[in-house]
Amino acid sequence: METFSKAMINYNKEGLNKETLIDLYKSMLKPRLIEEKMLILLRQGKISKWFSGIGQEAISVGVTKAMLAEEYILPMHRNLGVFTTREIPLYRLFSQWQGKASGFTKGRDRSFHFGTQEYKIVGMISHLGPQLGVADGIALASKLQNKNQVTAVFTGEGGTSEGDFHEALNVASVWQLPVLFCIENNGYGLSTPTSEQYNCKDLADRALGYGMESHIIDGNNILEVYTKVSALAEDIRENPRPVLLEFKTFRMRGHEEASGTKYVPQDLLDTWAKKDPLENYQEFLKNEGILDEALEVKFKEEIVHEINEHLDLAYAEEVIIASESEELNDVYQNHLYQEVSPNKKTEELRLVDAISEGLKQSMERHDDLVIMGQDVAEYGGVFKITDGFVEAFGKDRVRNTPICESAIVEAAMGLSISGIKSVVEMQFADFVTSGFNPVVNYLAKSHYRWNQNADVVLRMPCGAGVAAGPFHSQTNEAWFTKTPGLKVVYPAFPYDAKGLLASAINDPNPVLFFEHKALYRSIRQEVPTDYFTLPLGKASLLREGNDVTIISYGAAVHWALNTLDKHSNIQADVIDLRSLQPLDTEAIYASVKKTGRAIILQEDSLFGGIASDISALIMENCFEELDAPVKRVASMETPIPFINQLEDQYLSRDKFEGELLKLLAY
Ligand SMILES: Cc1ncc(C[n+]2csc(CCOP(=O)(O)OP(=O)(O)O)c2C)c(N)n1
């Protein structure tokens, strides 16, 4: 082994005892030796992919050592040292990498893509940036529950270019959340050097723009990392606030092992090789008389023995046997619906009032339920659903957010990780696109991947017919009904909206709750005054008849009813789906088998909408009983236009009558 002059890194061991100094050494040695073993296994074709953190161990280890065991850490793909320092048994890590059951994802996700509540680690999703907003949510929970805990989250310098980074830092600063944002600046994001990633000297300087404190730390100096982060963490526990840390380091190997380092200038690699965090520290400990050759060999032998023993355990473990039912069972967290029957006393409410009342009663029932959204606090939300909520529940629980849909969905995920339910109001369903990634990739996949539910309801004011143009009129449920892991509820009446919202909030899974804007103030109904629930996944049969089955949801239900009002001779079953995921196929099949004809009316444009799936389901399950082809009626294949004569033409509303008559005449 080459020896290095201790001048390459200046160590200051002041205030640290010998045990701590040795412990830090052993803690860095372990991930290094595991990695060396992994590189051999990779060459032998025994593992599939490896992201090396060699040369960056001081950051993972130093930060983790500075945290308390009950504090959450959100690592990235090069942070093996976080997992080993949290003392996860190695065979579980090896099983995870081999896709075996003793890992953390039952073979459903690879490498470091997992979390574990047992070790208070929340692993990444591939998209990198969302981790940062999730850390905000966990830190918010710590504040709301007065836990005085710090949350540490990692990102590479490449990940700081994502919008999630900006959103998460901004929210953390506005809300003064106790988060340590740890940037590991290792020179390259895949093949992209820092000069092509960002155009400022130090990423730490970005903190200024967010009104946040920041520090630059030598990421290769374990003692600097450990002492500085320990002091900061202690201070943040007392004075909650976010802090941005930029750790200067270098990626010594390829982005992942197969991709090599051809694009990295050799002199850079040579310079940083001299600053190796482990070898320099080892040299320092020897010079200080704390470590000697014999002890070094002993430690290495112990760790190598542990690695081999645990590798044998993992290799001996049976491979996963695929089971369809087990896979399907884990997409959603099991939840036993609790029926709360409606009381007798009713009042006439508009849809908007019923949602507001239902939400308020859920806030009373779940005393830690948090509402987040733009302008939802004093202003009461743009549709006034949360009017008066701040007075009733306080600003901790009714939270105005900056305009940052991604960070807020991610924060809701973080709250759920800490056991807190939340409702997020999208100001308009259209804007969910700005938070689309965390909805479909984080909330939807989390339970399936590592058994972590996302106890979040996204309220989605949606729909056309209000002359609001292409960006305030969409009914975008189809983007979500096709994503396993999400539930989608879409009431058409005040009574249903109130009961279903209560159930959506009780359900521990992520639920998108669509509220049609055009119905908010136009539809009235007698609604029970007290809290009550209705089951998700149950359609309601609004009218009964033998001629035809009309299937619809949302505003289109009212279009269908209005059409029938004009034709008293048509005897139709009218099914209001109320919930699209889960879908009440039983109600659909029972009706179609009775009538022999089915027409599905949706407000969304035709292609890829849920009407297409329902149509296919009917063909597959009721073909023998059909007297006519199933008909889908939907809006035009264009964006939604603004002016009423164009919008009227766009909508399926006025086409329905003709199509219904044609179907009946078939
Ligand atoms: C949203 C997104 N875009 C692209 C990628 C592909 N990708 C994975 S890691 C990576 C580079 C990340 O660089 P950095 O954040 O600096 O972390 P490092 O790998 O250097 O530790 C890229 C481009 C991705 N995973 N997610």
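Using θ = phi - 60° in the Karplus curve 6.51 cos²θ - 1.76 cosθ + 1.60, the 3J(HN,Hα) couplings for the range 503-514 round to 5, 4, 6, 5, 5, x, 9, x, 10, 9, 10, 8 Hz; x is entered for Gly and Pro.
Quick one: plug the Kirkwood hydrodynamic radius of the range 110-171 (C-alpha pairs) into Stokes-Einstein at 4 °C, 1.567 mPa s, and report D in µm²/s. Answer, rounded: 105 µm²/s. With contributions of -39500 (n - 2.57) from each DSSP H run of at least four residues, the per-residue ellipticity at 222 nm computed over the chain stands at -12000 deg cm²/dmol. Residues whose amide H comes within less than 5 Å of that of Arg399, counting only those at least five positions distant or on another chain, are Ile371, Met372, Gly373 (H built at 1.01 Å from N in the peptide plane). Across the range 160-213 the C-alpha pair distances fall into 10 Å bins from zero in the proportions 21, 54, 22, 3 percent. The range 544-563 and the range 29-53 have Cα centres separated by 61 Å. Taking every C-alpha pair closer than 8 Å and separated by at least 6 residues, the mean separation divided by the residue count of the range 371-476 gives a relative contact order of 25 percent. Computed over protein heavy atoms with a 1.4 Å probe, the carbon and sulfur contribution to the accessible area of the chain reaches 50%. Site pair Tyr198 and Lys49 shows an inter-label distance of 2.5 nm when each label is modelled 7 Å from Cα along Cα→Cβ. Whole-percent P(r), the range 21-116, all Cα pairs, 5 Å bins from 0: 2, 14, 25, 25, 20, 10, 3, 1.
Against the main long axis of the alpha-carbon atoms of the chain, helix 277-287 sits at an angle near 30°. Its relative contact order, with pairs defined as Cα atoms under 8 Å and 6+ residues apart, puts the range 1-145 at 17 percent. Rounded to the nearest whole angstrom, the semi-axes of the ellipsoid equivalent to the range 25-65, taken from the Cα gyration tensor as √(5λ), stand at 22, 10, 7, largest first. The Cα center of the range 305-322 and the Cα center of the range 355-410 differ in position by 48 Å. Looking at the chain, the accessible area is 39 square angstrom per residue; that uses a 1.4 Å probe and ignores ligands, DNA and RNA.
Over the C-alpha atoms of the range 73-164, the Rg to Rh ratio, Rh being the Kirkwood estimate, stands at 0.99. A Cβ-based charge dipole, computed about the Cα centre of the range 408-534 with Lys and Arg at +1 and Asp and Glu at -1, lands at about 160 debye.
Neighbours of Ile599 by Cβ distance under 10 Å: Lys/Arg scored +1, Asp/Glu scored -1, total +3. Between His567 and Ile643, residue separation times 0.36 nm minus the direct Cα-Cα distance comes to 24.4 nm. Divide the volume of the convex hull around the Cα atoms of the range 533-666 by the residue count and you get 113 Å³ per residue.
Each peptide in 90-102, 38-50 gets a packing score, the mean of other Cβ atoms within 10 Å over its residues, and the list from highest to lowest is 90-102, 38-50. Most tightly packed first, judged by the mean number of other beta-carbon atoms within 10 Å of their residues, the peptides 442-454, 514-526, 615-627 read 442-454, 514-526, 615-627. Please state the shape class of the range 318-434: rounded when a/c is under 1.5, otherwise prolate if a/b exceeds b/c and oblate if not, all from the C-alpha gyration tensor. Note, shape of the range 318-434 comes out oblate. For the range 414-456, the spread of Cα coordinates along the three principal axes comes to 30, 19, 10 Å, biggest extent given first. So for the range 157-297: antiparallel DSSP bridges make up what percent, rounded to the nearest 5? Roughly 15 percent of the DSSP beta bridges within the range 157-297 come out antiparallel. Ranking Phe299, Leu80, Val488 by how far each Cα lies toward the positive end of the dipole of the chain (charges on Cβ) leaves Val488 at the top. DSSP bridge analysis restricted to the chain gives an antiparallel fraction near 20%, rounded to the nearest 5. Over the chain, all Cα pairs binned in 10 Å intervals from 0 give whole-percent P(r) values of 3, 15, 22, 21, 16, 12, 7, 3, 1, 0, listed from short to long. The Stokes-Einstein estimate for the range 408-503, based on a Kirkwood radius over Cα pairs and taken at 37 °C with 0.692 mPa s viscosity, is a diffusion coefficient of 231 µm²/s.
Other residues lying with their Cβ under 13 Å from the Cβ of Arg86 contribute a combined charge of 0, Lys and Arg counting +1, Asp and Glu -1. Stretching the chain fully between His215 and Lys298 yields a gain of 26.2 nm (0.36 nm per residue, less the alpha carbon separation). Distances between placed amide hydrogens fall under 5 Å for Ser605 paired with Ser635, all partners being 5 or more residues away or on another chain. Measuring nothing but how far apart in sequence close Cα pairs (under 8 Å, 6+ apart) lie, relative to its length, the chain scores a relative contact order of 12 percent. Dipole magnitude for the range 207-312: about 560 debye, using +1 per Lys or Arg Cβ and -1 per Asp or Glu Cβ, origin at the Cα centre. I need the shape label for the range 213-314. Rule: rounded when a/c is under 1.5, else prolate if a/b > b/c, else oblate, with a, b, c from the alpha carbon gyration tensor. Oblate. Computed from Cα atoms, the angle from the helix 293-316 axis to the main principal axis of the chain rounds to 30 degrees. For Gln581, the residues 5 or more places off, or on other chains, whose built amide H falls under 5 Å of its own are Val488.
Placing unit charges on the Cβ atoms only, positive for Lys and Arg and negative for Asp and Glu, gives the chain a dipole magnitude near 160 debye about its Cα centre.
In terms of overall dimensions, the range 330-393 has a Cα radius of gyration and Dmax of 14.3, 41 angstrom. Rg of the Cα atoms in the range 449-580, relative to 2.2 N^0.38 Å, amounts to 1.12.
Sorted on the mean count of surrounding Cβ atoms within 10 Å across their residues, most packed first, peptides 231-239, 153-161 read 153-161, 231-239. Karplus-based coupling profile of the range 528-545, in residue order and whole Hz: x, 6, 8, 5, 8, 10, 10, x, 6, x, 10, 6, 10, 8, 7, 9, 10, x, with θ = phi - 60° in 6.51 cos²θ - 1.76 cosθ + 1.60 and x standing for Gly or Pro. By how many degrees, between 0 and 90 and to the nearest 10, does the Cα long axis of helix 351-365 differ from the longest principal axis of the chain? Here the helix axis deviates by roughly 40 degrees.
Using the Karplus relation 6.51 cos²θ - 1.76 cosθ + 1.60 with θ = phi - 60°, the per-residue 3J(HN,Hα) values for the range 490-496 come to 8, x, 10, 9, x, 4, 4 Hz, with x marking Gly and Pro. Semi-axis lengths, largest first, of the ellipsoid equivalent to the range 249-407 are 58, 28, 19 Å, with √(5λ) applied to each eigenvalue of the Cα gyration tensor. Where Lys and Arg each count +1 and Asp and Glu each count -1, what net charge lies around Asn146 among other residues with Cβ under 13 Å from its Cβ? For residues surrounding Asn146, the net value is 0.
The convex hull drawn around the Cα atoms of the range 131-224, when projected onto a plane and averaged over every direction, covers 6.4 nm². Decide, for the range 514-589, between rounded, prolate and oblate: order the square roots of the alpha carbon gyration tensor eigenvalues as a ≥ b ≥ c, take rounded if a/c falls under 1.5, and otherwise choose prolate if a/b is larger than b/c, else oblate. It is oblate, given that a/c is not under 1.5 and a/b is not larger than b/c. Beta bridges from DSSP with both residues in the range 115-193: antiparallel share about 35 percent, rounded to the nearest 5.
The values are calculated or read from the model by the stated rules, or taken from the named source; none is laboratory data. Predicted, not measured: the structure shown is a model, and the values here were computed from it. Positions of Cβ are generated from backbone atoms using ideal geometry, with glycine treated the same way; all protein chains shown enter the neighbour counts. Remember, those area values only see protein heavy atoms, side chains included, never the ligands or the DNA or RNA. Shrake-Rupley method; radii C 1.70, N 1.55, O 1.52, S 1.80 Å.
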